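S.K.: Sending over a structure as structure tokens; questions will come in a sec.
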Amino acid sequence: MPVYNDERYLPEALESVLNQKDVELELIIVDDCSTDRTSRIIEQFKTSQIKYIRHNENKGQLDALLTGSSEITGDFVALFHGDDKILDDHAFVDYARWLSENRADGLYSDLVIIDKKSEVKKLSKAAKTLGKNRLIELLYRAGSNLIPDPFFVRKEFFFRSVLENYIKWNMAYWFNEEHGELSLGKVVYVNRPWYV
């Protein structure tokens, strides 16, 4: 969870992660040199499940994600921002089970858009399938991602594709180039929005 001056939304974001049921979790928070009450709010929530890292200068979200990536020890990885919230308190355990049963690298869903009163406004629809033709569409859209951030992936896939593509190069995370060949991760759309 990269955070920067997120004091307004951070308590709800932290509660939504820490309220996940039937799963051991670690929450790695990288504070990108916030100037508001962000650090004090995190301190109020501090548990053994939270690892808090603070940058001494503002480096940007991708650098914060890179910093946090070096601390990952769990089997599955999800990306959250300080103003996001998980809608379903069984999302992690259900998705970990689903990935294990389906031998997939990861899954993603639509993103729920809410207003300042936490009322649902609309869905940001994700592409339902990912393939080589989607890469052409990605180029046509000048790199605008076809799927929003709500993804849940295996740790190996995170380090092989998400870290290398999305975090280091700000590109789509669901493909990779290996030995001169394009390879696509087995990343599957699920029709169960769980993230705002």
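S.K.: Looking only at segment 81-116, count every residue that is open to solvent by less than 50 Å² (accessible area, probe 1.4 Å), in contact with a helix residue (DSSP H, G or I) (Cβ under 8 Å, 6 or more places away or on another chain) and closer than 18 Å to TYR9 by Cα and tell me the total.
M.R.: Residues that pass the stated criteria total 6.
S.K.: Quick check: anything in segment 28-38 open to solvent by 60 Å² or more (accessible area, probe 1.4 Å) and either among the basic types (Lys, Arg) or within 22 Å of ALA126 (Cα to Cα) (or both)?
M.R.: So far as segment 28-38 goes, yes, one or more of its residues are open to solvent by 60 Å² or more (accessible area, probe 1.4 Å) and either among the basic types (Lys, Arg) or within 22 Å of ALA126 (Cα to Cα) (or both).
S.K.: Within segment 152-186, how many residues turn out to be closer than 11 Å to LEU107 by Cα, open to solvent by less than 60 Å² (accessible area, probe 1.4 Å) and either at pLDDT below 85 or more than 14 Å from the chain's Cα centre (by Cα) (or both)?
M.R.: Residues in segment 152-186 being closer than 11 Å to LEU107 by Cα, open to solvent by less than 60 Å² (accessible area, probe 1.4 Å) and either at pLDDT below 85 or more than 14 Å from the chain's Cα centre (by Cα) (or both): 2 in total.
The values are calculated or read from the model by the stated rules, or taken from the named source; none is laboratory data. Remember, it's a predicted structure, so these values are computed and weren't measured experimentally. No Cβ is skipped: glycine too gets one built from the backbone with ideal geometry, and neighbour counts run over all protein chains shown. Calculation scope for accessible area: heavy atoms of the full protein, side chains included, ligands and nucleic acids excluded. Shrake-Rupley method; radii C 1.70, N 1.55, O 1.52, S 1.80 Å.
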